[in-house]
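Read through the structure below, which is laid out as structure tokens, and then see the notes.
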Amino acid sequence: MNTYFTILLFLVPIFLLLSRTRRYSKRIPPGSLGIPLIGQSLGFLRALHNNTAEKWLEDRIRKYGPVSKLSILGKPTVFIHGQAANKFVFHNNSSILANQQPESFAKILGDRNLMEVSAPDHKRIREALVSFLKPESLKQYIGKADEEVRKHIEIYWKGKQTVTVLPVMKILTFDIICSLLFGFEQGKQRDQFLYSFQEMLNGFWAVPINLPFTQYNRGLRESVRAQKLVKELVHEKRVLLEKKGASPRQDLITFLVSMHDEDGKPVLTDKEIVQNVVLSLLGGYETSATVITFIIRQLANEPTVCAAVLQEQQEIAKSKASGESLTWEDLAKMKYTWRVVMETMRMFPPIFGGFRKALTDIEFDGYLIPKGWQIFWAAPMTHMDSSLFPEPSKFDPNRFEKQASVPPHSLIPFGGGPRMCPGNELARIETLVAIHYLVTRYEWKLCADNLFSRDPMLKPTQGLPIKVWPRELA
């Protein structure tokens, strides 16, 4: 009896959705929802893994046009692309569109993180995070990032003949973020959290249609442990603040704990602090590590570009005394290097795309997107559009020499609008500091092919093993 009741509960919402959909069928975008629950998920995930997802979407566009319906991860979905689509997705009213993440995301990271909440909670939480992560605030933390990079090179690069880049870059970005967000350095506490966080991350990407439940369940367990550790840190920081033993801006947790509104009430609850600190780590950990990895890959593939980056970085290095840290002013001089970063993110965005959820019936490009449906956007569909970026397959950092010439709503590695990644400036600091020390101290060449896949994050073959040797001082 319980089985029949469960099946009934499962089928009734689907029946109601399909009945409602039939009423709008003439206005809904062309395409097919495919087999119930499965839809086009298997084909799309396979294309991501094989690095053919862009072609997979181009085939849909040729068949159905610029707007089409499909089903991904068991949900009816409308795929849209182009500048107008990017503007629609990133700049629309939060009462019309909401973030739509895989169920594993909410279950592992919780329901009070920035990616799950809607207005006005989203605005309140985002403003709190941005207050710490904005450029004016981050200037004072460049020294910490500088210290972590130097320490990292001593451990993972010095004296090595080969380095597998992606794994060590994940360690580097983890350590930088732990220093800035959590305020703890190397040690047992850091190692414990790294293990829990990595298992949590593996579980986060585990959707039932793609990866085993055991990995997902392990991620859930480790998420509880990771959040418990952060909760203990929140308590410790609060005690230190009350005893005047800590500066409110010494790290993100202390900063968020210290925030109160005009009535003296905490701006964020402890649950919101815990979940959004973990989310901030997630945002600055794997994506930044992936970007730095692909920059190293491109510098090996593009000797002329590498020479120009080296020249710029050596000029900065010559202006520094021995052991002197980089400063905000030094990062501002890295104009060509940042163009290389931008071009890398254009050609190899670490996040392929994402979803939004229609909170009401929405009109787009003459079609109806029914309430409750997903909207799917994909960064490469504008990044690799030849009408926006001439010769899109050519690695050309100089296309970003004049930022004003970049077409609006075309480059979206950090998203855009009110839901733009609040940690984009932190990612800039991590990346530029890392590239400065790596390129001025080492030379390298690839030990594997140039292939990469998405699973679903961007990953080079074998993690990008490279042969390294110290650079001769100029």
Taking the Cα centre of the chain as origin and charging only Cβ (+1 Lys, Arg; -1 Asp, Glu), how large is the dipole, in debye to the nearest 20? 1060
Restricting to Cα pairs below 8 Å that are 6+ residues apart, what does the relative contact order work out to for region 239-395? Please round to a whole percent. 14
Sites Ala404 and His235 - FRET efficiency at Förster radius 60 Å, r taken between beta-carbons, to 0.05: 0.80
By average C-beta atoms within 10 angstrom, highest first, the peptides 448-458, 40-50: 40-50, 448-458
Can you give me the C-alpha center-to-center distance between region 300-324 and region 221-245, rounded to a whole angstrom? 40
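Calculate the FRET efficiency for Trp328 and Lys244 from the Cβ-Cβ distance with a Förster distance of 22 Å, rounded to the nearest 0.05.
Details: r = 28 Å, r/R0 = 1.29.
It comes out at approximately 0.20.
Would you work out the relative contact order for the chain, in percent, from Cα pairs under 8 angstrom that are 6 or more residues apart?
Numbers: 672 pairs, mean separation 110.7, N = 474.
Result for the chain is 23 percent.
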How long are the semi-axes of the equivalent ellipsoid of region 246-345, defined as square roots of 5 times the Cα gyration tensor eigenvalues? Whole Å, largest first. 37, 19, 10
Find which of Leu180, Tyr141, Trp157 sits farthest along the positive direction of the dipole of region 114-192, computed with +1 on the beta-carbon of Lys and Arg, -1 on that of Asp and Glu, about the Cα centre. Trp157
For the Cα atoms of the chain, what angle does the longest principal axis make with the long axis of helix 142-156, in degrees from 0 to 90, nearest 10? 80
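Once you list every other residue whose beta carbon is under 13 Å from the beta carbon of Val130, what net charge do they have if Lys and Arg are +1 and Asp and Glu are -1?
Values: positive: Lys123, Arg124, Arg126, Lys134, Arg419; negative: Glu127, Glu136, Glu425.
Summing Lys and Arg as +1 and Asp and Glu as -1 gives +2.
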Computed P(r) (all Cα pairs; region 31-188; 5 Å bins; percent): 1, 7, 10, 12, 13, 13, 13, 13, 10, 6, 2, 0
Region 378-437 and region 87-126: distance between their alpha carbon centers, rounded to Å: 23
In µm²/s, what is D for region 326-474 at 4 °C and 1.567 mPa s, where D = kT/(6 pi eta Rh) by Stokes-Einstein and Rh is the Kirkwood radius from Cα pairs? 71
Defining a contact as two alpha carbons under 8 Å apart and six or more residues distant in sequence, what relative contact order in percent does region 59-116 show? 20
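Set the Förster radius R0 to 41 Å, insert the Cβ-Cβ distance between Leu359 and Asn50 as r into 1/(1 + (r/R0)^6), and round the FRET efficiency to 0.05.
Numbers: r = 34 Å, r/R0 = 0.83.
After rounding to 0.05, the efficiency reads 0.75.
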At 7 Å along Cα-to-Cβ for each site, give me the label-to-label distance between Lys139 and Lys394 in nm. 3.9
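Just so you know, all these numbers are worked out from the coordinates, no wet-lab data involved. Quantities reported herein were computed from a predicted structural model and do not represent experimental measurements. Neighbour counts run over all protein chains shown; Cβ positions are idealised from the backbone, glycine included.
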